[in-house]
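See structure below.
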Amino acid sequence: AHVYTVEQSLPNTDLLFAGTATAGVWKSTDKGLNWTNVTKAMMIGTVRSVELDHSNTNTAWFGGEGSLYRTTDGSPFSGVSHTINDIVLHPGNAQILFVCSNQGLYRSTNAGTSFTQVSTGIWQELEFMPGDPNTIYAIKQVSNRTEFWRSTNNGVSFTQVGTGWPNPTSPSEQKRTEIAVSPVSPNTVYALCTGVANGGSGLYGVYKSTDNGTTWTF
(Lines give C-alpha, C1' and ligand atoms only; values in the text may rest on other atoms or scores of the structure.)
Protein backbone atom coordinates (compact mmCIF):
# COMPACT_ATOMS: atom_id res chain seq x y z
CA ALA A 1 0.00 0.00 0.00
CA HIS A 2 1.17 3.51 -0.62
CA VAL A 3 0.73 6.16 2.07
CA TYR A 4 -1.70 9.06 1.65
CA THR A 5 -0.89 11.02 4.79
CA VAL A 6 1.38 11.11 7.84
CA GLU A 7 0.63 13.26 10.90
CA GLN A 8 2.95 13.95 13.83
CA SER A 9 1.71 14.78 17.33
CA LEU A 10 2.61 18.28 18.51
CA PRO A 11 2.83 17.48 22.27
CA ASN A 12 4.62 14.15 21.67
CA THR A 13 6.79 14.22 18.55
CA ASP A 14 7.53 10.49 18.87
CA LEU A 15 3.86 9.77 18.09
CA LEU A 16 2.87 9.47 14.41
CA PHE A 17 -0.20 8.23 12.55
CA ALA A 18 -0.29 7.26 8.87
CA GLY A 19 -3.22 6.71 6.53
CA THR A 20 -2.71 4.27 3.64
CA ALA A 21 -4.39 3.42 0.35
CA THR A 22 -5.48 -0.13 1.19
CA ALA A 23 -4.25 -0.98 4.70
CA GLY A 24 -5.99 1.44 7.06
CA VAL A 25 -4.33 3.47 9.82
CA TRP A 26 -0.90 2.80 11.30
CA LYS A 27 0.60 4.18 14.53
CA SER A 28 4.20 4.69 15.63
CA THR A 29 5.33 5.65 19.14
CA ASP A 30 9.06 5.85 18.29
CA LYS A 31 9.13 8.47 15.51
CA GLY A 32 8.44 5.98 12.72
CA LEU A 33 10.95 3.23 13.51
CA ASN A 34 8.17 0.72 14.26
CA TRP A 35 4.52 0.73 13.23
CA THR A 36 1.31 -1.00 14.40
CA ASN A 37 -1.87 -1.31 12.35
CA VAL A 38 -4.49 0.15 14.69
CA THR A 39 -7.44 -0.60 12.38
CA LYS A 40 -6.66 -4.22 11.58
CA ALA A 41 -9.73 -5.52 13.43
CA MET A 42 -11.98 -2.89 11.83
CA MET A 43 -11.57 -3.94 8.17
CA ILE A 44 -10.64 -0.39 7.17
CA GLY A 45 -9.03 0.07 3.75
CA THR A 46 -8.53 3.50 2.19
CA VAL A 47 -7.67 6.36 4.59
CA ARG A 48 -6.94 9.71 2.93
CA SER A 49 -6.94 11.94 6.01
CA VAL A 50 -5.79 11.75 9.64
CA GLU A 51 -5.92 14.57 12.18
CA LEU A 52 -4.44 14.67 15.70
CA ASP A 53 -5.48 16.83 18.61
CA HIS A 54 -2.97 19.65 19.07
CA SER A 55 -2.63 19.17 22.84
CA ASN A 56 -4.13 15.78 23.75
CA THR A 57 -2.19 12.73 22.53
CA ASN A 58 -5.18 10.42 23.16
CA THR A 59 -7.51 12.17 20.69
CA ALA A 60 -7.34 11.63 16.94
CA TRP A 61 -9.62 11.35 13.90
CA PHE A 62 -9.46 9.64 10.51
CA GLY A 63 -11.76 9.16 7.55
CA GLY A 64 -12.25 5.71 6.04
CA GLU A 65 -14.87 3.43 4.44
CA GLY A 66 -17.47 6.19 4.37
CA SER A 67 -17.16 7.23 8.00
CA LEU A 68 -15.39 9.65 10.32
CA TYR A 69 -13.67 7.79 13.15
CA ARG A 70 -12.53 9.22 16.48
CA THR A 71 -10.61 8.02 19.51
CA THR A 72 -10.50 9.95 22.79
CA ASP A 73 -8.47 7.49 24.85
CA GLY A 74 -5.88 6.21 22.39
CA SER A 75 -7.78 2.94 21.95
CA PRO A 76 -9.48 1.66 18.76
CA PHE A 77 -11.45 4.34 16.95
CA SER A 78 -15.22 4.70 16.95
CA GLY A 79 -17.15 5.92 13.92
CA VAL A 80 -19.80 8.45 12.96
CA SER A 81 -21.15 8.76 9.45
CA HIS A 82 -19.28 10.80 6.80
CA THR A 83 -17.26 10.31 3.60
CA ILE A 84 -13.91 12.00 4.08
CA ASN A 85 -11.31 13.78 1.91
CA ASP A 86 -9.77 15.98 4.62
CA ILE A 87 -10.06 16.55 8.39
CA VAL A 88 -8.72 19.75 9.96
CA LEU A 89 -8.79 20.79 13.61
CA HIS A 90 -8.91 24.45 14.61
CA PRO A 91 -5.40 25.47 15.74
CA GLY A 92 -6.63 27.07 18.96
CA ASN A 93 -9.90 25.31 19.76
CA ALA A 94 -10.01 21.50 19.94
CA GLN A 95 -13.80 21.52 19.73
CA ILE A 96 -13.95 23.05 16.24
CA LEU A 97 -13.37 20.44 13.55
CA PHE A 98 -13.81 20.69 9.78
CA VAL A 99 -14.50 17.80 7.41
CA CYS A 100 -14.22 17.99 3.62
CA SER A 101 -16.23 15.25 1.91
CA ASN A 102 -17.83 14.43 -1.40
CA GLN A 103 -21.15 15.37 0.18
CA GLY A 104 -20.14 18.84 1.36
CA LEU A 105 -18.07 20.93 3.76
CA TYR A 106 -18.96 20.34 7.42
CA ARG A 107 -18.14 22.13 10.68
CA SER A 108 -18.35 20.74 14.20
CA THR A 109 -18.21 22.70 17.46
CA ASN A 110 -18.09 19.60 19.68
CA ALA A 111 -15.04 17.74 18.34
CA GLY A 112 -17.00 15.78 15.76
CA THR A 113 -19.95 14.50 17.79
CA SER A 114 -22.29 16.48 15.51
CA PHE A 115 -21.82 18.62 12.40
CA THR A 116 -23.36 21.56 10.59
CA GLN A 117 -23.14 21.57 6.80
CA VAL A 118 -21.43 24.78 5.72
CA SER A 119 -21.79 24.07 1.99
CA THR A 120 -22.86 21.34 -0.41
CA GLY A 121 -20.67 19.92 -3.18
CA ILE A 122 -17.36 18.06 -3.37
CA TRP A 123 -14.72 19.54 -1.05
CA GLN A 124 -11.11 18.38 -1.17
CA GLU A 125 -8.97 20.27 1.33
CA LEU A 126 -8.94 22.99 3.98
CA GLU A 127 -6.13 25.08 5.50
CA PHE A 128 -6.03 27.77 8.20
CA MET A 129 -4.14 31.02 7.74
CA PRO A 130 -1.25 30.98 10.26
CA GLY A 131 -1.77 33.54 13.01
CA ASP A 132 -5.39 34.27 12.03
CA PRO A 133 -7.75 31.29 12.55
CA ASN A 134 -10.68 33.39 11.36
CA THR A 135 -9.26 33.13 7.83
CA ILE A 136 -9.62 29.68 6.27
CA TYR A 137 -8.93 28.47 2.74
CA ALA A 138 -10.65 25.53 1.05
CA ILE A 139 -10.74 23.70 -2.28
CA LYS A 140 -13.97 22.67 -3.98
CA GLN A 141 -14.34 20.52 -7.10
CA VAL A 142 -16.99 21.59 -9.61
CA SER A 143 -17.40 19.64 -12.86
CA ASN A 144 -13.99 19.52 -14.63
CA ARG A 145 -12.20 22.04 -12.38
CA THR A 146 -11.44 23.06 -8.82
CA GLU A 147 -12.30 26.35 -7.13
CA PHE A 148 -10.60 28.31 -4.34
CA TRP A 149 -12.87 29.41 -1.47
CA ARG A 150 -12.11 31.58 1.57
CA SER A 151 -13.73 32.24 4.93
CA THR A 152 -13.08 35.28 7.12
CA ASN A 153 -15.45 34.29 9.94
CA ASN A 154 -13.84 31.12 11.31
CA GLY A 155 -15.48 28.85 8.78
CA VAL A 156 -19.11 29.80 9.40
CA SER A 157 -19.40 30.70 5.70
CA PHE A 158 -17.15 30.69 2.61
CA THR A 159 -16.89 32.82 -0.54
CA GLN A 160 -15.31 31.85 -3.85
CA VAL A 161 -12.30 34.02 -4.80
CA GLY A 162 -9.29 33.62 -7.05
CA THR A 163 -8.62 35.74 -10.14
CA GLY A 164 -6.07 33.86 -12.25
CA TRP A 165 -7.07 30.47 -10.83
CA PRO A 166 -6.93 27.69 -13.49
CA ASN A 167 -10.08 27.52 -15.61
CA PRO A 168 -9.77 24.59 -18.04
CA THR A 169 -11.99 24.07 -21.06
CA SER A 170 -12.91 20.58 -22.31
CA PRO A 171 -11.19 18.25 -23.01
CA SER A 172 -8.74 19.70 -20.48
CA GLU A 173 -9.60 19.26 -16.80
CA GLN A 174 -8.22 20.21 -13.41
CA LYS A 175 -9.96 18.12 -10.79
CA ARG A 176 -7.52 18.00 -7.86
CA THR A 177 -5.61 20.66 -5.92
CA GLU A 178 -3.42 20.66 -2.83
CA ILE A 179 -2.75 23.96 -1.05
CA ALA A 180 -0.17 25.11 1.49
CA VAL A 181 0.14 28.37 3.43
CA SER A 182 3.48 29.93 4.36
CA PRO A 183 3.91 30.25 8.16
CA VAL A 184 6.41 33.13 7.77
CA SER A 185 4.32 34.94 5.15
CA PRO A 186 0.70 34.07 6.01
CA ASN A 187 -0.73 35.99 3.03
CA THR A 188 1.13 33.62 0.67
CA VAL A 189 -0.69 30.51 -0.51
CA TYR A 190 0.64 27.89 -2.92
CA ALA A 191 -1.54 25.57 -5.00
CA LEU A 192 -0.38 22.33 -6.61
CA CYS A 193 -2.91 21.58 -9.36
CA THR A 194 -3.19 18.28 -11.22
CA GLY A 195 -5.31 17.37 -14.21
CA VAL A 196 -5.30 16.90 -17.97
CA ALA A 197 -3.94 19.45 -20.46
CA ASN A 198 -2.20 19.52 -23.84
CA GLY A 199 -2.85 15.83 -24.41
CA GLY A 200 -1.19 14.66 -21.19
CA SER A 201 -2.20 14.06 -17.59
CA GLY A 202 -0.46 14.78 -14.28
CA LEU A 203 0.80 18.20 -13.21
CA TYR A 204 -1.50 20.96 -14.45
CA GLY A 205 0.50 23.73 -12.80
CA VAL A 206 1.79 25.32 -9.61
CA TYR A 207 0.11 28.61 -8.68
CA LYS A 208 0.96 31.24 -6.08
CA SER A 209 -1.03 33.98 -4.34
CA THR A 210 0.41 36.72 -2.13
CA ASP A 211 -2.94 38.28 -1.16
CA ASN A 212 -4.77 35.48 0.66
CA GLY A 213 -5.95 33.83 -2.54
CA THR A 214 -7.58 36.88 -4.11
CA THR A 215 -5.30 36.75 -7.18
CA TRP A 216 -3.07 33.96 -8.50
CA THR A 217 -0.06 33.69 -10.81
CA PHE A 218 1.19 30.60 -12.65
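In the context of the full set of protein chains, residues of the chain present 48 Å² of accessible surface per residue (probe radius 1.4 Å, heavy atoms only). Computed from backbone phi, the HN-Hα couplings of the range 35-46 come to 10, 10, 7, 8, 10, 4, 7, 9, 6, 9, x, 6 Hz, rounded to whole numbers (Karplus: 6.51 cos²θ - 1.76 cosθ + 1.60, θ = phi - 60°; Gly and Pro given as x).
Given a Förster radius of 22 Å and the C-beta distance between THR72 and LEU192 as r, what FRET efficiency does 1/(1 + (r/R0)^6) yield to the nearest 0.05? Don't jump to the answer; show the numbers that get you there.
Working: r = 33 Å, r/R0 = 1.52.
Efficiency at R0 = 22 Å is approximately 0.10.
For the range 188-218, the residues whose backbone nitrogen is under 11 Å from a point 7 Å from the Cα of THR163, taken along Cα to Cβ, are 214-216.
Quick one: grab the alpha carbon gyration tensor of the range 155-218, order the square roots of its eigenvalues as a ≥ b ≥ c, and give me rounded if a/c is under 1.5, else prolate or oblate depending on whether a/b is larger than b/c.
On the way: a/c = 2.28, a/b = 1.75, b/c = 1.30.
It comes out prolate by the Cα gyration axes.
Computed over the chain, relative contact order equals 9 percent, with contacts defined as Cα pairs under 8 Å that lie 6+ residues apart. Taking amide H atoms as placed 1.01 Å from N in the peptide plane, the amide H of SER172 has no partner under 5 Å among residues 5 or more positions away or on other chains. For ARG48, the residues whose modelled amide H falls within less than 5 Å of its own, excluding neighbours fewer than 5 places apart on the same chain, are GLY63. Between the labelled values (i) 75, 35, 34; (ii) 47, 38, 31; (iii) 61, 38, 30, the entry that holds Cα extents along the principal axes in Å as derived from this structure is (ii).
Per-residue Karplus couplings for the range 183-197, computed as 6.51 cos²θ - 1.76 cosθ + 1.60 with θ equal to phi - 60°, are listed in order as x, 8, 9, x, 7, 9, 10, 10, 10, 9, 10, 10, x, 10, 7 Hz, Gly and Pro entered as x. Projecting label points 7 angstrom from Cα along Cα→Cβ for THR217 and ASN144 puts them 2.9 nm apart. For ASN85, the residues 5 or more places off, or on other chains, whose built amide H falls under 5 Å of its own are CYS100, SER101, ASN102. The modelled label-to-label distance between ASN110 and ALA94, using points 7 Å beyond Cα along the C-beta direction, is 1.8 nm. Among the protein heavy atoms, those of THR214 account for about 60 Å² of accessible surface (1.4 Å probe, every chain in place). The calculated FRET efficiency for the pair ASP14 and ASN154, based on their C-beta separation and a Förster distance of 35 Å, comes to about 0.65.
Of all the accessible heavy-atom surface of the range 116-179, with the other protein chains kept in place and a 1.4 Å probe, what percent is carbon and sulfur? If you can, show how the numbers build up before the last one.
On the way: 1280 of 2910 Å².
Its accessible area is 44 percent carbon and sulfur atoms.
The values are calculated or read from the model by the stated rules, or taken from the named source; none is laboratory data. Just so we're clear, the structure is a prediction, and the values are computed from it rather than from any experiment. Reconstructed Cβ throughout: ideal geometry from the backbone, glycine too, with neighbour counts over all protein chains shown. Calculation scope for accessible area: heavy atoms of the full protein, side chains included, ligands and nucleic acids excluded. Shrake-Rupley method; radii C 1.70, N 1.55, O 1.52, S 1.80 Å.
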